[in-house]
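First up is the structure itself, then whatever we jot down about it.
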Amino acid sequence: MASSADEGMTEMLAMIKKSADTSSLPPAKPMVFSGDNLEYRQWNSTFNLLIEDKDLSPAQKLSYSYYVLSIIYYGLKAAYL
């Protein structure tokens with residue numbers, strides 16, 4: 001049997017989580033990997049934090065991956081034309 005204090009704490013934590021989930025900050029976007037080996041670790045960490053480790057559907061993860069790869073493709077294409 002849960003005490004009233006435990007129920008109050010659970011309710012308060014749920015409200016804090018809801019507030020954090022709906023904060024007004026814009027969603028973070030992963031940095032674009034330029035192909036520079038020195039940037040890979042930071043890019044990989046950011047990608048994992050923002051996309052891979054989240055509870056996203058495989059379709060959402062694929063969509064984010066496509067977004068990042070398309071930016072890389074068009075950036076390289078523009079650089080070599």
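The values are calculated or read from the model by the stated rules, or taken from the named source; none is laboratory data. Since the model is a prediction, treat every value here as computed from it, not as a measurement. A quick note on method: Cβ atoms are made from the backbone with ideal geometry, for glycine too, and the neighbour counts reach across all protein chains shown.
So how many residues does region 46-61 have that are modelled with pLDDT of 80 or more and loosely packed, with under 12 Cβ neighbours inside 10 Å?
Total meeting the criteria: 4.
What number goes with the only condition from (1) of a type in the set (Ser, Thr, Tyr); (2) in a helix (DSSP H, G or I); (3) surrounded by fewer than 10 Cβ atoms within 10 Å (Cβ to Cβ); (4) modelled with pLDDT under 70 that residue 19 does not pass?
Against the list (1) of a type in the set (Ser, Thr, Tyr); (2) in a helix (DSSP H, G or I); (3) surrounded by fewer than 10 Cβ atoms within 10 Å (Cβ to Cβ); (4) modelled with pLDDT under 70, residue 19 comes up short only on (4).
Counting only residues that are hydroxyl-bearing (Ser, Thr, Tyr) and more than 12 Å from the chain's Cα centre (by Cα), which one in region 34-60 is farthest from residue 70 (Cα to Cα)? Walk me through how you get there before you give the answer.
Residues of region 34-60 that are hydroxyl-bearing (Ser, Thr, Tyr), as a first pass: 34, 40, 45-46, 57.
Subset that is more than 12 Å from the chain's Cα centre (by Cα): 34, 40, 57.
Numbers: 34: 12, 40: 17, 57: 20 Å.
Only one residue fits best here, namely 57.
Taking the condition of a type in the set (Lys, Arg), at pLDDT below 75 and assigned to a helix (DSSP H, G or I), does residue 77 pass?
On the way: of a type in the set (Lys, Arg): yes; at pLDDT below 75: yes; assigned to a helix (DSSP H, G or I): yes.
For residue 77, the condition - of a type in the set (Lys, Arg), at pLDDT below 75 and assigned to a helix (DSSP H, G or I) - is met.
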